[in-house]
Amino acid sequence: MIIIFILGLAIGSFLNVCAYRIPKGESIAYPPSHCPSCGNPIIPLDNVPVLSYILLKGRCRNCGEKISLKYPTVELLTGLLWAGLYYHFGLSIQLIFGLFFATVLIVLSAIDYEVKLIPDRILLPAMLVSIAFLILYPLKVASLPVIAGIKPWWAIGGFFAGGGFLYLVAILAPLIFKKEAMGGGDIKLAAFMGLYLGGYVFIALFVGFFLGAVVGIVLMAMGKRTAKDMIPFGPFLAAGAVFTIFFGPQIWSGYLKLAGI
Ligand SMILES: [Zn+2]
């Protein structure tokens, strides 16, 4: 688990590069990492995930400019999530699916948080890879969804159910609230989540809406945002998806018990 955690930290560091450069249309391979403030290259010693940030006390070694907290956050989040997924799935093909899913969710969230856009350049290739995972099914190896006990065709069902539901919200919300609630990127992200979660995608959407509403209300109460400001929804959907991987089936059976079914 420690190895997976450290691997996750390193991947998180790479996701930061992707999240910073892909929206700008820059290459993720060249030039090597540099300080966005002074442009000096970052020496390997200062490029160790999380640890360097702590040792440098969150400032660039050359110019002393503050390093954004989002970098170690993404690294730590990726490390913890990778370790958590390993704990959940064990060493299996499902683990590979889960790691791929979670990693795509993190990089899309980081970009959506930053530029309020979920880029097709990442989401569409990720969907193609996921559909390729589905092709493994007839080979009797393993298949999506990643949640145990649901049939593979539910991946397709989840794709249309998740995407279709947010598409409906996108159409209806402006009629009710007189403002746009959902972007095309959110709809595609929900469809992508459906591939991995099957029908449980609805739990992910519910948790996403709930978290988004809570954070929105708190930010407004703190006077940081008004009702008109747009809060990127992608990170909340992603959080809902991650929650559902771990707890979806328990939540659903708990709900059925409550409902007396
Ligand atoms: Zn600097």
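The values are calculated or read from the model by the stated rules, or taken from the named source; none is laboratory data. Fair warning: this is a prediction, and the values are worked out from it, not measured in the lab. As a convention, Cβ positions derive from the backbone with ideal geometry for all residues, glycine included, and neighbour counts pool all protein chains shown. Surface areas here come from the heavy atoms of the whole protein model, side chains and all, with no ligands, DNA or RNA. Shrake-Rupley method; radii C 1.70, N 1.55, O 1.52, S 1.80 Å.
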Revision key, fill the gap. At R0 = 22 Å the Cβ-Cβ FRET efficiency linking LYS57 and SER33, nearest 0.05, sits at 0.70
**Study point:** In Å², nearest 10: area of CYS60 left accessible to a 1.4 Å probe
**Key:** 20
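Once Rh for the range 89-133 is found with the Kirkwood sum over Cα pairs, what is the Stokes-Einstein diffusion coefficient at 37 °C and 0.692 mPa s, in µm²/s?
My calculation gives 291 µm²/s for D.
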Review point. Farthest toward the dipole's positive end in the chain, which of ILE106, GLY223, CYS18, given Cβ charges of +1 (Lys, Arg) and -1 (Asp, Glu) about the Cα centre?
Key: GLY223
Check your understanding: How much length, in nm to one decimal, is gained on full extension between ARG21 and ILE135, taken as 0.36 nm per residue of separation minus their Cα-Cα distance?
Key -> 37.9 nm
**Study point:** Cα-projected label distance for ILE156 with LYS66, points at 7 Å along beta-carbon direction, nm
**Key:** 5.1
Exercise for review: Compute the separation of the alpha-carbon centres of the range 1-60 and the range 82-111 and state it in Å as a whole number.
Suggested key: 20
Revision key, fill the gap. So the FRET efficiency between LEU7 and VAL115, C-beta based with R0 = 22 Å and rounded to 0.05, is 0.20
Check your understanding: Using a 1.4 angstrom probe with every protein chain in place, what is the largest-first accessible-area order of ILE111, ILE42?
Key -> ILE42, ILE111
Study note, to complete from the structure: Taking protein heavy atoms only, a 1.4 Å probe, and rounding to whole percent, the accessible area of the chain owed to carbon and sulfur comes out at 72
Review point. Roughly how many Å² is the accessible area per residue of the chain, as a whole number, for a 1.4 Å probe?
Key: 56
Check your understanding: What is the spin-label model distance, in nm, from LEU124 to LEU91 if the labels are put 7 Å beyond Cα along the C-beta direction?
Key -> 3.9
Study note, to complete from the structure: Nearest 10, in degrees from 0 to 90: the angle of helix 70-89 to the longest Cα principal axis of the chain is 40
Practice item. Select from the range 157-236 those trypsin sites (Lys or Arg not before Pro) which occupy a DSSP coil region and have at most 16 other Cβ atoms within 10 Å, ordered by residue number. Key: LYS178, LYS179, LYS224, ARG225, LYS228
Study note, to complete from the structure: From the Cα centre of the range 121-161 to that of the range 170-215, the distance in Å is 20
